[in-house]
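Q: Below is one structure. I have some questions about it.
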Amino acid sequence: MRAETIMQNAIIYPAANIVLDLETLSTKPNAVIISIGAVALSAKGLIVAEYHQAITSESQPERHIDIDTMAWWDQQSDEAKAASLMATDGITA
């Protein structure tokens, strides 16, 4: 969604709900987190704001990586991998 549309929505419709999404390298509670995404929605379901941040897996050496989850990531689109798994602009955890 274009930034100007999101800004217009934010002025007209205050956020009523926030949806969070964690992308990880395991299904365990101590999984390596490779990205955090969030979308703020108005009561009418319009996107008010968006956020996405990649996180480096190297900064989480004691967290879990699962071979089955890595195989699942292998099957995902190049776009999905670029935004999370292969992102070069990640912050440290």
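The values are calculated or read from the model by the stated rules, or taken from the named source; none is laboratory data. Here the structure is a predicted model, which means the values were calculated and not measured. Every residue, glycine among them, receives a Cβ derived from its backbone with ideal geometry; neighbour counts consider all protein chains shown. Remember, those area values only see protein heavy atoms, side chains included, never the ligands or the DNA or RNA. Shrake-Rupley method; radii C 1.70, N 1.55, O 1.52, S 1.80 Å.
Q: Provide the FRET efficiency to the nearest 0.05 for the Ser59-Ala15 pair, computing r from the beta carbons and using R0 = 30 Å. Mind showing how you got there, number by number?
A: Details: r = 30 Å, r/R0 = 0.99.
With a Förster radius of 30 Å, E is 0.50.
Q: While we're on this one: Just the accessible area per residue of the chain, please: how many Å² with a 1.4 Å probe?
A: Numbers: 6490 Å² over 93 residues.
Counting only protein heavy atoms, the per-residue value for the chain is 70 Å².
Q: Can you give me the long-range amide H partners of Ala16? Hydrogens built in the peptide plane at 1.01 Å from N, cutoff under 5 Å, separation of 5 or more residues or another chain.
A: Counting only residues 5 or more places away or on other chains, the set is Leu41, Ser42, Ala43.
Q: Can you give the calculated 222 nm mean residue ellipticity of the chain, where each DSSP H run of n ≥ 4 adds -39,500 (n - 2.57) and the sum is split over every residue, rounded to the nearest 500 deg cm²/dmol? If you can, show how the numbers build up before the last one.
A: Details: 2 runs with 18 residues, N = 93.
Helices in the chain give a 222 nm mean residue ellipticity of -5500 deg cm²/dmol.
Q: Name the residue, out of Ala49, Ala83, Ala16, whose mean-square fluctuation peaks in a Gaussian network model built on the chain with Cα pairs under 10 Å.
A: Ranking Ala49, Ala83, Ala16 by mean-square fluctuation puts Ala16 first.
Q: Name the residues whose placed amide hydrogens come within less than 5 Å of the amide hydrogen of Thr24, ignoring near sequence neighbours (fewer than 5 apart) on the same chain.
A: Those qualifying (amide H under 5 Å, at least 5 residues apart or on another chain) are Ile34.
Q: What figure, in Å² to the nearest 10, do you get for the accessible area of Leu25 with a 1.4 Å probe and non-protein molecules left out?
A: Surface open to solvent at Leu25 totals about 10 Å².
Q: Can you list the HN-Hα couplings for region 51-65, worked out from phi with the Karplus curve (6.51, -1.76, 1.60; θ = phi - 60°), rounded to whole Hz and with x for Gly and Pro?
A: Per residue, the Karplus-derived 3J(HN,Hα) values read 8, 8, 9, 6, 10, 6, 6, 5, 7, 10, x, 9, 8, 8, 10 Hz.
Q: Picking from Ile12, Ile33, Ile55, which is most flexible by a Gaussian network model of the chain using Cα springs under 10 Å?
A: Ile12
Q: Heavy atoms only, probe 1.4 angstrom, no DNA, RNA or ligands counted: give me Ser77, Ser59 ranked by accessible area, highest first. Before the final figure, lay out each step's value.
A: Values: Ser77 60, Ser59 40 Å².
Largest accessible area first, the list is Ser77, Ser59.
Q: To the nearest 20 Debye, how big is the dipole of the chain about its Cα centre, given +1 on the beta carbon of each Lys and Arg and -1 on that of each Asp and Glu?
A: Values: 5 positive and 12 negative charges, 77 e Å.
Here the size comes out at about 380 debye.
Q: Counting only protein heavy atoms and using a 1.4 Å probe, what share of the accessible area of the chain belongs to carbon plus sulfur, as a whole percent? Working shown, then result.
A: Values: 3660 of 6490 Å².
Using a 1.4 Å probe with all protein chains present, the chain comes out at 56 percent carbon and sulfur.
Q: Here's another thing I want to ask about it. Modelled label-to-label distance, Trp72 and Glu50, 7 Å Cα→beta-carbon offset: nm?
A: 2.3
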